[in-house]
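Worksheet: one structure, shown below.
The values are calculated or read from the model by the stated rules, or taken from the named source; none is laboratory data. Keep in mind that what you see is a predicted model, and the values were worked out from it rather than measured. FYI the Cβ positions are ideal-geometry reconstructions off the backbone, even for glycines, and counts take in every protein chain you see. What goes into the accessible areas is simple: the full protein's heavy atoms, side chains included, and nothing from ligands, DNA or RNA. Shrake-Rupley method; radii C 1.70, N 1.55, O 1.52, S 1.80 Å.
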Amino acid sequence: LTTMSSAGARVPTCPRPPPDDLPLPGSFVVHDFRSEQAKAEAQSRSADQPVRLLQWNIERGYKLKEIIQELQSLQPAPDILALQEIDIHCERSEWQDTGVAIAKALGMKYVFLCEFEELWSPVRDPDAQGGGVHGNAILSRFDLTGHTAVEHLHHPINWEAPEHPLCKKEPRHGRRLTLATTAATNHGPLLVYSAHLEVFCGMLARMRQFADIIAHSKAVEATGQAPCHQVIMGDLNTQANSLARLSPNYCTDQMRWLTLGWFEAEIWHKYIFGCKAESDPAHCNQWVLSRGIDQATATAITNPGFSDPWHPRADTTIDLIKYRWFGLRLMTGKLDWLLTKGCEVVYKVMGNDDYDKSDHKYLIADVTLQ
């Protein structure tokens with residue numbers, strides 16, 4: 001399909017017009033594909049049975065069939081999934097609603113938060129071609145309530161700026177958002193986040209975005225009426241290391257060279273999750289403050305008790321195949337996190353070790369709420 005430009009030239013247009021119910025950035029899509037029997041089983045589960053959590057960036061669902069088969073093969077089956085890079089009606093993912101397809105196949109409650117309208121454009125590469133929308137989701141065998149879009153105060157890339165080089169290559173509307181909802185588990189309510197932080201920036205910008213999630217977590221707990229058991233699952237894009245350090249797109253701040261020899265995940269492990277929140281409301285993270293981050297963010301980002309059960313360097317979750325040369329693995333890192341608060345992890349495992357279904361590994365943790 002083509003249209004005529006003002007100069008009289010034919011310009012390609014999206015070959016499939018979007019459906020009328022395509023969500024806008026910042027809006028939710030909610031479905032419940034559970035059977036009545038499945039709902040009853042979830043409500044009657046023993047409190048002794050752990051809750052199985054799964055975190056996975058599915059890489060837009062390029063290999064949707066294989067992803068579904070992998071998830072269906074897991075035993076015990078996951079109870080709550082946080083998925084990033086969900087596509088709806090994008091040419092690159094064969095026009096499918098990848099999140100709904102997964103939720104239907106697994107028979108789960110489903111909440112999707114739209115981040116971006118992925119504009120169809122002749123300047124996009126085929127594997128990035130849009131035409132629909134993109135965002136994050138949470139799936140659950142338990143009831144989900146209180147869906148919230150956590151807004152980020154800092155956006156290192158303004159995707160509404162048409163002259164930005166990245167926007168020219170992949171034009172879109174929208175912004176990064178984090179999805180939050182509460183699952184009514186057999187152990188009690190569990191606040192669940194599905195996050196996907198900005199990749200085209202430096203680590204300090206990502207920390208500023210993460211501070212918004214921590215601030216939301218603290219505000220929820222401060223009400224005294226919301227769950228104190230929480231889990232932040234997501235692709236935090238902590239990849240300012242390896243070959244990425246040489247890229248002006250992926251490492252855009254002073255930390256590019258100041259952290260030479262460190263993985264970005266190690267910096268987060270030591271200086272973000274290692275800085276514990278205290279009863280003093282003026283307490284702040286002195287490390288991020290010394291790096292030029294504002295006082296409000298440094299105060300917000302003190303850790304109220306979240307921890308990740310994997311090693312920040314040894315347990316890599318991405319290892320891009322195209323950057324493997326002569327036995328060297330030049331683009332690796334721990335980008336994906338499963339951060340629990342008020343929970344005990346009784347079992348953990350990674351999957352998709354061959355990266356044949358997505359460019360990310362998935363994380364599984366069985367937890368009990370303490």
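Per residue, the stretch 58-189 exposes an accessible area of 37 Å² to a 1.4 Å probe, with every protein chain left in place. If a spin label sat at a point 7 angstrom from the Cα of Tyr355 along the line to its beta carbon, the backbone N atoms of the stretch 238-263 nearer than 18 Å would be those of 238-247, 250-251, 263.
Among DSSP beta bridges whose residues both lie in the chain, state the antiparallel percentage, nearest 5.
Rounded to the nearest five, the antiparallel share is 85 percent.
For the stretch 1-152, the relative contact order is 29 percent, taking Cα pairs closer than 8 Å that sit 6 or more residues apart in sequence and dividing their mean separation by the residue count. Once backbone amide H atoms are built at 1.01 Å from N, Asn352 has Tyr362 as its partners under 5 Å, excluding neighbours fewer than 5 places away on the same chain. Applying 0.36 nm per residue to the separation of Asp280 and Gln370 and subtracting their alpha-carbon distance, the gain on full extension is 29.9 nm.
How much accessible area per residue does the stretch 211-254 have, in Å², with a 1.4 Å probe? On a per-residue basis, 37 Å². The amide H of Glu115, built 1.01 Å from its N in the peptide plane, has Gly26, His134, Gly135, Asn136 as neighbours under 5 Å, considering only residues 5 or more places off or on other chains. On the beta carbon distance between Asn249 and Ala47, with R0 = 41 Å, the FRET formula returns roughly 0.30. Take every Cα pair under 8 Å whose residues are at least 6 apart in sequence, average their separation, divide by the length of the stretch 164-234, and the relative contact order is 33 percent. Our coupling estimate for the stretch 136-148, obtained by passing each phi through the Karplus curve with A = 6.51, B = -1.76, C = 1.60 and θ = phi - 60°, is 10, 9, 10, 10, 8, 7, 9, 5, 10, 9, x, 5, 9 Hz, Gly and Pro reported as x.
A Förster radius of 35 Å combined with the Cβ-Cβ distance from His147 to Ala314 puts the calculated FRET efficiency at roughly 0.50. Between the C-alpha center of the stretch 256-320 and that of the stretch 125-181 there is a gap of 24 Å. If R0 is 25 Å, the Cβ-Cβ spacing of Lys39 and Gln69 corresponds to a FRET efficiency of close to 0.50.
What is the gain in length, in nm to one decimal, between Val30 and Val123 on full extension, counting 0.36 nm per residue of separation less the C-alpha to C-alpha distance? If you can, show how the numbers build up before the last one.
Values: separation 93, 0.36 × 93 = 33.48 nm, distance 3.25 nm.
In short, 30.2 nm is gained.
Database remark: amide H of Thr185 closer than 5 angstrom to the amide H of Leu190 (H placed geometrically; neighbours at sequence offset of 5 or more, or on other chains; Pro and chain starts carry no H).
Note that the stretch 354-370 has calculated 3J(HN,Hα) couplings of 8, 6, 9, 10, 7, 7, 10, 6, 9, 10, 10, 9, 8, 10, 10, 8, 7 Hz, one per residue in order, obtained from phi through the Karplus relation 6.51 cos²θ - 1.76 cosθ + 1.60 (θ = phi - 60°); glycine and proline are x. Heavy-atom surface analysis with a 1.4 Å probe gives the stretch 162-267 a carbon and sulfur content of 59 percent of its accessible area.
Which percentage, to the nearest 5, of the DSSP beta bridges contained in the stretch 163-246 is antiparallel? Intermediate results must be reported in sequence, preceding the final value.
Values: 7 of 13 bridges.
Just about 55 percent of them are antiparallel.
How high is the relative contact order of the chain, given as a whole-number percent (alpha carbon pairs under 8 Å, six or more residues apart)? Normalised by residue count, the contact order of the chain is 17 percent.
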